[in-house]
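Okay, structure first, notes after.
A short reminder: the numbers here are calculations on the coordinates, not readings from a lab. Given the structure is predicted, the values throughout are model-derived calculations rather than measurements. Positions of Cβ are backbone-derived with ideal geometry, glycine not excepted, and every protein chain shown enters the neighbour counts.
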C-alpha cells in the first residue's frame with residue numbers, strides 16, 4: 001500500500017442550500033478496502049459519486065489516479081432488456097475491441113467469480129436483489145477494474161447474501177488486489193472487510209482508523225454508531 | 001418567472017443531446033451491433049404504432065371528407081372532394097397525424113424508458129463503463145424516428161385518403177374512382193416532398209425532446225411521470241409550431 005488512488009481535498013458540496021459534504025478530506029491507497037460508514041443522509045453516496053466523477057464539487061478537489069474504475073450501484077443498475085450475460089458483456093462489447101471468444105471467456109469468468117453462472121441467461125427482473133448486485137459486481141470486474149466503488153452493497157439483503165457479498169469484496173481484494181471503497185452502514189461488513197474505516201457525519205469525516213482501533217475508539221459518535229448497529233437502546 | 005430560465009435550460013440540454021447524438025448517426029448506421037438496435041427502434045417506431053396510426057388517419061380522412069364534402073355539396077363541387085382531401089393530407093394532416101401518433105406512442109415510451117433508467121442509476125452506470133448514453137441510447141432512437149416518420153406519414157396519407165373515399169362514396173354520393181382520380185389529379189410532387197420533409201422534422205423534434213426529457217429526469221417515479229408528460233406536451237407544441245413555420249416557408 002502506498003500510492004493514493006483517490007484523494008479528497010476539502011471537498012464541499014451543497015444541494016438546495018444544504019451542505020452535504022463539508023470540507024471532506026481523505027485518501028484511499030492502492031490495495032486497501034476503505035469503508036465509509038455513517039447514518040443515512042450523511043453524504044456517503046454523494047462522496048462515492050464525487051470519487052468516480054459523476055459529480056463535481058462546489059469547492060475543493062478530487063484527485064483520481066489513472067486506473068480502471070468500477071462501480072457497484074445499490075440497485076445493481078442492470079439494463080432491464082438485456083440478460084445477465086449480456087449486461088456483463090456490455091462494457092467489453094461497447095468499449096473494447098475484443099473478439100467474441102475473448103468476450104465470452106471474460107464474461108464466463110466474471111460470472112463464475114460471483115457465482116452466477118447458472119443465472120447467465122436470466123433477465124434482471126427474473127433474479128433476486130442479491131443476484132442483481134452480484135451481476136453488477138461481475139460487470140464491474142469484467143473490465144479488470146483496479147478500483148471498485150461499492151454503494152451500500154449489502155443494503156436490503158438477507159444476512160446470508162450479505163455475508164456472501166462481503167466475502168466477494170474481500171476475495172477481490174486479496175486475490176486480485178482490487179482496491180475497494182465501500183459505502184455502507186453495515187458494521188459487520190465494515191469490521192470484516194475494511195483496512196480502514198472512516199465515519200462520516202453531516203458531511204464531515206469524524207474519524208478514520210483501522211477496524212480494530214475503530215471498534216475500540218472512545219469518540220462519542222463512533223460509540224453511538226457501534227451501539228446503534230448492535231441494536232442497543234431499542 | 002421561473003419558467004423562462006427553466007425553458008432556456010431545457011432548450012440548451014435538448015440542443016446538447018441533438019449535437020452529441022447526431023455525431024453518432026454514422027456509427028449507428030455502419031456498425032452491426034448499434035444497427036441491430038436501430039432496427040429494433042425502427043420496428044417499435046413503425047410497426048408497433050401501425051394500429052393506432054391506421055385508426056387515427058382513417059378517421060381523420062373520414063372527418064375531413066365529411067366536413068369538406070358537405071360544404072362542397074352546397075356549391076355542387078363534390079368533384080373536388082378527392083383533391084381537397086388529398087392536398088390537405090399531403091401538405092399538413094398526414095405529417096401532423098403521424099407526428100401526434102409518434103409523440104403519444106413512441107415519444108412518451110422513450111421518455112418513460114430513459115427516465116426510469118436515469119432514476120435507477122443505469123445511465124450513470126453506462127457513463128462509468130465509458131459508454132456515452134448519446135451513442136448507446138439516444139442516437140438509435142432519434143435516428144429511427146427521423147427515418148420512420150416519413151414512412152408513417154405517407155401511410156397516414158394513404159389511409160386518410162382511403163377513409164375520405166369511403167365517406168365520399170357512402171355518404172356524399174361521390175364515386176370512389178372519381179374521388180381517387182381527383183385526389184391524384186391535383187397532388188403535386190412538391191406537396192409530397194414538403195409533407196415528407198415535415199414529418200422527418202417532426203420525427204427529429206419528437207426524438208430529441210423525448211430523449212432529453214428522459215435523460216433529464218430526476219425526483220424518482222414522480223419525475224418519470226412528469227418527464228413523460230412534458231415530452232408529449234412539448235412534442236405536440238413543437239409539431240404545431242414547426243408545422244406552421246414549414247408551411248409558411250413553402251406555401
Antiparallel DSSP beta bridges within chain A, as percent of all bridges there, nearest 5: 50 percent
Using a simple spin-label model with points 7 Å from Cα along the Cα→Cβ vector, what separation in nm is obtained for residue B:244 and residue A:175? 6.6 nm
For helix B:139-171, what angle does its Cα long axis make with the longest principal axis of chain B, in degrees from 0 to 90 and rounded to 10? 20 degrees
Take the alpha carbon gyration tensor of the range B:71-193, find the square roots of its eigenvalues, order them as a ≥ b ≥ c, and report rounded if a/c is under 1.5; if not, report prolate when a/b exceeds b/c, else oblate. prolate
Choice from B:95, B:149, B:109 showing the highest fluctuation, given a GNM over chain B with Cα pairs closer than 10 Å: B:109
Number of partner chain Cβ atoms within 10 Å, mean per residue of B:129-142: 2
Expected 222 nm ellipticity per residue - DSSP helices of 4 or more, -39500 (n - 2.57), all of the protein assembly as shown, to 500: -19500 deg cm²/dmol
Scattering from the C-alpha atoms of the range A:79-144 alone, worked out with Debye: what is log10 I(q)/I(0) at q = 0.15, 0.17, 0.22 1/Å? -0.38, -0.48, -0.81
Report the label-to-label distance for residue A:122 and residue B:237 in nanometres (one decimal), using points 7 Å from each Cα along the Cα→Cβ vector. 4.6 nm
Stokes-Einstein D in µm²/s, Kirkwood radius over Cα pairs - the range B:157-205 at 20 °C with 1.002 mPa s viscosity: 177 µm²/s
Any chance you could give the angle, 0 to 90 degrees and rounded to 10, that helix B:176-186 forms with the longest Cα principal axis of chain B? 70 degrees
Per 10 Å bin, what is the whole-percent P(r) computed from every C-alpha pair distance within chain B? 8, 29, 30, 18, 11, 4, 0
Simple spin-label estimate for residue A:19/residue B:185, 7 Å along Cα→Cβ, in nm, reads 8.2 nm
Kindly express, to the nearest 10 degrees and within the range 0 to 90, the angle between helix A:220-229's C-alpha long axis and the longest C-alpha principal axis of chain A. 50 degrees
Of B:51-61, A:145-155, ordering from highest average Cβ density within 10 Å down gives A:145-155, B:51-61
Antiparallel DSSP beta bridges within the protein assembly as shown, percent to nearest 5: 50 percent
Please work out, to two decimal places, the log10 of the ratio I(q)/I(0) at q = 0.14 Å⁻¹ from a Debye calculation in which every Cα of the protein assembly as shown carries one identical scatterer. -1.28
Sketch the reach of a paramagnetic label on residue A:67 as a point 7 Å from Cα along Cα-to-Cβ, and name the residues of the range A:178-206 whose backbone nitrogen lies under 11 Å away. A:178-181
Could you work out how far the C-alpha centroid of the range A:75-100 sits from that of the range B:61-130, in angstrom? 35 Å
Could you please rank A:123, A:71, B:155, placing first whichever residue has the fewest other Cβ atoms within 10 Å of its Cβ? A:123, B:155, A:71
Share of alpha-carbon pairs per 10 Å distance bin for chain A, given as whole %: 8, 32, 35, 20, 5, 0
Where does each of B:154, B:31, B:75 land when they are ranked from fewest to most other beta-carbon atoms within 10 angstrom? B:75, B:31, B:154
How many angstrom lie between the Cα centre of the range A:53-70 and the Cα centre of the range B:32-55? 40 Å
What the 5 Å binned alpha carbon P(r) of the range B:19-103 shows, as percent of pairs per bin from 0, is 3, 13, 16, 14, 13, 11, 10, 7, 5, 4, 3, 1
For peptide B:116-126, what's the mean number of Cβ atoms from other chains within 10 Å of each residue's Cβ? 6
Under a 10 Å cutoff between Cα atoms, tell me which one of A:92, A:54, A:78 has the largest fluctuation in the Gaussian network model of chain A. A:54
